[in-house]
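Note sheet for the following structure.
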Amino acid sequence: MKNLVALLCGGLFGLGLFISGMTDTTKVQGWLDIFGNWDPTLAFVLGGAIIPMALTWRLSSKIKKPVFEDNFPKEIEQKLDKSLIIGSIFFGVGWGLSGLCPGPAIASLGFGGWQGLMFFFTMAIGMILTPFIAKYLN
Amino acid sequence: MNPDWISGLVGGLMIGAAASAYLLMNGRVMGASGILGGLVDLTSRTNVPERIIFLLGVVLSPILLIQFTGVHDTHLTSNVFVIISGGLLVGIGTRLANGCTSGHGVCGISRLSLRGIIATIFYLLSGAISIIIFKNLLGVI
């Protein structure tokens with residue numbers, strides 16, 4: 001059952017990314033282009049996603065456990081460390097350059113084309129390299 | 001008025017619904033970089049099939065939608081240097097920060113997580129600065 005839920009949630013996530021325009025890199029770059037021809041769409045996407053999710057977090061604190069799992073994820077310690085800041089800056093630069101964040105980068109595989117495939121693989125390589133970079137940072 | 005905001009809002013609600021269902025049913029935070037990252041760097045030996053199936057769902061949706069909508073382009077650059085540096089930065093950055101737009105942005109901000117809010121401020125700012133430098137000043141994208 002958990003696998004079926006994963007398929008449906010992944011599918012709905014991909015559908016949402018597609019419909020909202022987040023798989024169109026020019027649209028995402030338009031959102032970041034605050035001094036150019038600024039495109040506010042992404043604010044509606046984020047807002048649209050955050051509102052139901054905020055209600056869900058509140059609901060999750062009132063029910064005992066998820067349907068197919070024993071516990072809800074524990075709240076992580078709210079530590080503002082170097083990795084969080086430096087990582088987010090790196091991510092932002094790459095996001096601006098390419099117009100892809102990880103979700104749409106995965107979805108872009110469904111569009112075909114060597115560009116999306118190449119981006120996906122270099123992103124995965126970056127993820128594999130990260131533990132070594134993190135060691136260096138700390 | 002640009003009608004794009006309607007599709008943005010509808011798509012956003014779908015993303016929120018997917019994240020909600022994933023939390024309430026499977027008890028997991030729907031973060032794209034975390035789900036993929038844990039697979040490729042072999043740190044997460046649990047839920048491997050669940051992760052792969054989730055990612056398959058993300059890829060399948062556009063394959064199906066392309067048939068109906070005729071939209072079939074991500075407009076991703078063909079500049080190999082930009083693709084490689086962008087991919088590496090996104091991969092390393094999201095794993096260092098332990099989250100991306102879905103994990104920190106959607107799932108973090110919605111529970112008022114300080115880490116999520118700070119991460120989102122930093123990647124939005126550096127994304128905007130990245131556009132200023134590489135598009136407006138250097139003209140490489």
Subset of the stretch A:110-120 (residues that are surrounded by 15 or more Cβ atoms within 10 Å (Cβ to Cβ), more than 7 Å from every other protein chain (Cβ to nearest Cβ) and among the aromatic types (Phe, Trp, Tyr)) | A:120
Among the candidates A:43, A:54, residue that is without any contact (Cβ under 8 Å) to a residue 40 or more places away in the chain and more than 7 Å from chain B (Cβ to nearest Cβ) = A:43
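Out of the residues in the stretch B:19-62 that are among the hydrophobic types (A, V, I, L, M, F, W, C) and over 18 Å from the mean Cα position of the chain (by Cα), state the one that is farthest from the other protein chains (Cβ to nearest Cβ).
In this case the residue turns out to be B:48.
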For the subset of the stretch B:5-61 comprising residues that are of a type in the set (Val, Ile, Thr) and in a loop (DSSP other than H, G, I, E, B), which member is farthest from residue A:70 (Cα to Cα)?
-> B:43
Selection over the stretch B:101-113 where residues are assigned to a helix (DSSP H, G or I) and either modelled with pLDDT under 95 or of a type in the set (Gly, Ala, Ser) (or both) yields a count of 4
Please find, among B:139, B:108, B:116, B:103, the residue that is touching a residue at least 60 places away in the same chain (Cβ under 8 Å) and either within 12 Å of the chain's Cα centre (by Cα) or more than 7 Å from every other protein chain (Cβ to nearest Cβ) (or both).
-> B:103
Every listed condition ((1) farther than 26 Å from residue A:107 by Cα; (2) within 7 Å of chain B (Cβ to nearest Cβ); (3) not β-branched (Val, Ile, Thr)) holds for residue A:64 save (2)
Name every residue in the stretch A:78-104 that is closer than 17 Å to residue B:55 by Cα and either in contact (Cβ under 8 Å) with a residue 24 or more places away in the chain or more than 7 Å from every other protein chain (Cβ to nearest Cβ) (or both), in order of residue number.
-> A:100, A:101, A:103, A:104
Within the stretch B:67-100, track down each residue that is more than 7 Å from every other protein chain (Cβ to nearest Cβ), part of a helix (DSSP H, G or I) and of a type in the set (Val, Ile, Thr).
-> B:69, B:80
Quick one: in the stretch A:122-138, of everything that is out of contact with any Ser or Thr (no Cβ under 8 Å at 6 or more places or on another chain) and more than 7 Å from chain B (Cβ to nearest Cβ), which residue is nearest to residue B:53 (Cα to Cα)?
-> A:132
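The values are calculated or read from the model by the stated rules, or taken from the named source; none is laboratory data. Here the structure is a predicted model, which means the values were calculated and not measured. Heads up, the Cβs are rebuilt from the backbone with ideal geometry, glycines too, and the neighbour counts pull from every protein chain shown.
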